[in-house]
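Worksheet for the structure shown next.
Coordinate-derived values only; no laboratory data. Please read these numbers as outputs of a predicted model, since none were measured by experiment. In this analysis, Cβ positions are derived from the backbone assuming ideal geometry, glycine residues included, and neighbour counts consider all displayed protein chains.
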């Protein structure tokens, strides 16, 4: 049992947080905290000596900030990292930067009553460390901010819509897809598992990098070609109709599959409203959210795409969807944007891996 435990190294300048995280993580029999470092320089030596499976990393630290240290780790010795940061708007911007560099996930530090707030997050922290331990991490490479859009010439109608769902690893995966969409792309609706502050920052970041217009979705907003709508954190998003137009329906119903926003909620709405005019895409993520909804889309005549195992950070949601028969075609991440537009231009329901 001992040899199979997940070895965790905690990096945080607060002695209280190091102590609390150690106690919290070691309450789970599958996890062993092998060390706790107060700064990146101590952590660097501990990584060499202790060879941890997962790193938990604070952002604001003395001597070197967590982002700079993360970039060094993911460049020189890629390993699963879970960031710990505040959930302020500024904290969200920095956490998104960390996810782009290669952190597997993030956990928001409580802004008040640290001890009670952190204890309330115990289950989330343990779960995210366990997910990180099985994540497929890759070395960080600087990617060009300007990318050549995919070619899209056969525009069938403004009724066409693209639905995308993702979770763990989704920030980087979505960036690869959204930043190559051409300005005349059909409308895109995205549900990514994120807290409220993060979706605003994420949409703004994608908008600055893309040829399409990316924004956090608003209630009753018209869904237009050349635009991407991101479900607001903590709220579900659906495709709906108002007369001849598609609109965003935003609501506060309870979590589905443990998530709000839920990918299944988005996909099920597309199956009812857009049917064969939709393309459904399920990207990297843990769990099964979106699998049943993608199946409903396929059964309604929509084309459906799943990200393949080799390119996923966590091959959970796409795997469940594929095994259910919900995925028509499976692509590596860098071919998904092209696959979407191939699906819009032709009809082929044979499930294949590419």
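Across region 2-133, the mean sequence separation of Cα contacts (distance under 8 Å, 6 or more residues apart), normalised by length, yields a relative contact order of 23 percent. Label-to-label distance, residue 64 versus residue 111, with points set 7 angstrom from Cα along the beta-carbon direction: 3.1 nm.
Each of residue 121 and residue 245 was given a label point 7 Å from its Cα along the Cα-to-Cβ line. The distance between the two points is 4.0 nm. Given an 8 Å cut-off on Cα distances and at least 6 residues of separation, report the relative contact order of the chain as a percent. Relative contact order, the chain: 12 percent.
Beta-bridge orientation, region 161-353: approximately 25 percent antiparallel, per DSSP, counting only bridges with both partners inside.
Using only Cα atoms and rounding to the nearest 10 degrees, what angle (0 to 90) does helix 15-26 make with the longest principal axis of the chain? Here the helix axis deviates by roughly 70 degrees.
Looking at the chain, the DSSP beta bridges with both ends there are about 15 percent antiparallel. Rounded, prolate or oblate: which fits region 2-133 when a ≥ b ≥ c are the square roots of the eigenvalues of the alpha-carbon gyration tensor, with rounded for a/c under 1.5 and prolate only if a/b beats b/c? Taking the square roots of the gyration eigenvalues as a ≥ b ≥ c, region 2-133 is rounded. Entry for the chain at q = 0.07, 0.10, 0.11 Å⁻¹: log10 I(q)/I(0) = -0.29, -0.59, -0.71, Debye formula applied to identical alpha-carbon scatterers, no solvent contribution.
Normalised radius of gyration for region 215-349, please: alpha carbon Rg relative to 2.2 N^0.38 Å, two decimal places.
Numbers: Rg = 14.2 Å, N = 135, 2.2 N^0.38 = 14.2 Å.
Ratio of Rg to 2.2 N^0.38 Å for region 215-349: 1.00.
Assuming R0 = 41 Å, can you tell me the calculated FRET efficiency for the pair residue 136 and residue 299, based on Cβ-Cβ distance, to the nearest 0.05? Display every interim value, and only then the final one.
Working: r = 30 Å, r/R0 = 0.74.
Working from the Cβ atoms, E equals 0.85.
Relative to the dominant Cα principal axis of the chain, helix 263-273 is inclined by about 0°. Taking each residue as 0.36 nm, the span from residue 208 to residue 16 lengthens on full extension beyond its C-alpha to C-alpha distance by 65.3 nm.
Rounded to the nearest 5, what is the percent of antiparallel bridges among the DSSP beta bridges in region 194-307? Could you put the intermediate results ahead of the total?
Details: 9 of 17 bridges.
In region 194-307, DSSP labels about 55 percent of beta bridges as antiparallel.
The length gained on full extension between residue 26 and residue 42, counted as 0.36 nm times the residue separation minus their Cα-Cα distance, comes to 3.6 nm. Against the main long axis of the alpha-carbon atoms of the chain, helix 89-101 sits at an angle near 90°.
For a test of the definition: using alpha carbon positions, the gyration tensor, and the 1.5 limit on a/c, classify region 304-345 as rounded, prolate or oblate. Can you show the working numbers first?
Values: a/c = 3.31, a/b = 1.33, b/c = 2.49.
Verdict is oblate for region 304-345.
Dividing the summed -39500 (n - 2.57) terms of all DSSP H runs of n ≥ 4 by the residue count of the chain sets its mean residue ellipticity at 222 nm at -10500 deg cm²/dmol.
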